[in-house]
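Engineer: Sharing a structure below in structure tokens format, with a few things to ask.
The values are calculated or read from the model by the stated rules, or taken from the named source; none is laboratory data. Please read these numbers as outputs of a predicted model, since none were measured by experiment. Glycine also receives a Cβ, built like all others from the backbone with ideal geometry; neighbour counts cover every protein chain displayed.
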């Protein structure tokens, strides 16, 4: 576990290859293709952008340590992906990436954010819960045909109790508690 002060920036075309390497490391059976990333990035540019994709660069190595993406449509945003390199797990990078996505969901004037996470990925589920995401159901066949394998979670951006500001505050408190333990 490495704590880092990664630099978040907008994903660029030249980031696709390093992001794909990380994607294949994290999700070997479910990795996105280069074409999927190219298509998503095409929707993240200009005044009519409906997507937000970011990378986190490790300043010590200059390598991509994580990445995340969000798609917005009307008042709904959907977290497309969040990936953090294993050597950066536990360092707060997932929280930083999710915070960036939630800020942009708010800027896109979305009322809620949805995401789907593997039912066996408790690390990611706990991250989302700390931000106020609530489970609302399961999806069959998202990662594996015929299986209930994805937990669908929702965050309201209009409710004071579970909005991103409250989630970020909860995340900060949890990080402080962890640091003092």
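Engineer: Restricting the search to the stretch 107-128, which residues are in a helix (DSSP H, G or I), out of contact with any helix residue (DSSP H, G or I) (no Cβ under 9 Å at 6 or more places or on another chain) and more than 20 Å from residue 72 (Cα to Cα)?
Structural biologist: To start, the set of residues in the stretch 107-128 that are in a helix (DSSP H, G or I) comprises 107, 122-128.
Filter once more, keeping what is out of contact with any helix residue (DSSP H, G or I) (no Cβ under 9 Å at 6 or more places or on another chain): 107, 122, 125-126.
Passing the criteria: 122, 125, 126.
Engineer: I'd like to check something: does the stretch 85-96 contain any residue that is under 25 Å from residue 155 (Cα atoms), touching a helix residue (DSSP H, G or I) at 6+ places or on another chain (Cβ under 7 Å) and at pLDDT 90 or above?
Structural biologist: Among the residues of the stretch 85-96, at least one is under 25 Å from residue 155 (Cα atoms), touching a helix residue (DSSP H, G or I) at 6+ places or on another chain (Cβ under 7 Å) and at pLDDT 90 or above, which makes the answer yes.
Engineer: Please enumerate the residues belonging to the stretch 130-140 that are loosely packed, with under 15 Cβ neighbours inside 10 Å and outside any strand (DSSP E or B).
Structural biologist: Result: no residue meets the conditions.
Engineer: Which of (1) more than 27 Å from residue 137 (Cα to Cα); (2) touching a helix residue (DSSP H, G or I) at 6+ places or on another chain (Cβ under 7 Å) does residue 7 not meet, given it meets every other one?
Structural biologist: Residue 7 satisfies all of (1) more than 27 Å from residue 137 (Cα to Cα); (2) touching a helix residue (DSSP H, G or I) at 6+ places or on another chain (Cβ under 7 Å) except (2).
Engineer: Please find, among 65, 56, the residue that is in contact (Cβ under 8 Å) with a residue 60 or more places away in the chain, within 16 Å of residue 18 (Cβ to Cβ) and part of a strand (DSSP E or B). First the steps, then the outcome.
Structural biologist: On the way: 56 fails: in contact (Cβ under 8 Å) with a residue 60 or more places away in the chain.
Matching residue, one of 65, 56: 65.
Engineer: Any residue at all in the stretch 29-37 that's in a strand (DSSP E or B) and either in contact with a strand residue (DSSP E or B) (Cβ under 7 Å, 6 or more places away or on another chain) or closer than 20 Å to residue 128 by Cβ (or both)? Walk me through it before giving the result.
Structural biologist: Start the filter on the stretch 29-37 by keeping residues that are in a strand (DSSP E or B), which leaves none.
Scanning the stretch 29-37, I find no residue that is in a strand (DSSP E or B) and either in contact with a strand residue (DSSP E or B) (Cβ under 7 Å, 6 or more places away or on another chain) or closer than 20 Å to residue 128 by Cβ (or both), so the answer is no.
Engineer: Give the stretch 80-106 a look and list any residue that's in a strand (DSSP E or B) and in contact (Cβ under 8 Å) with a residue 60 or more places away in the chain, or say none.
Structural biologist: If we filter the stretch 80-106 for residues that are in a strand (DSSP E or B), which is where we start, we get 80-84.
Scanning the stretch 80-106 gives a single hit, 83.
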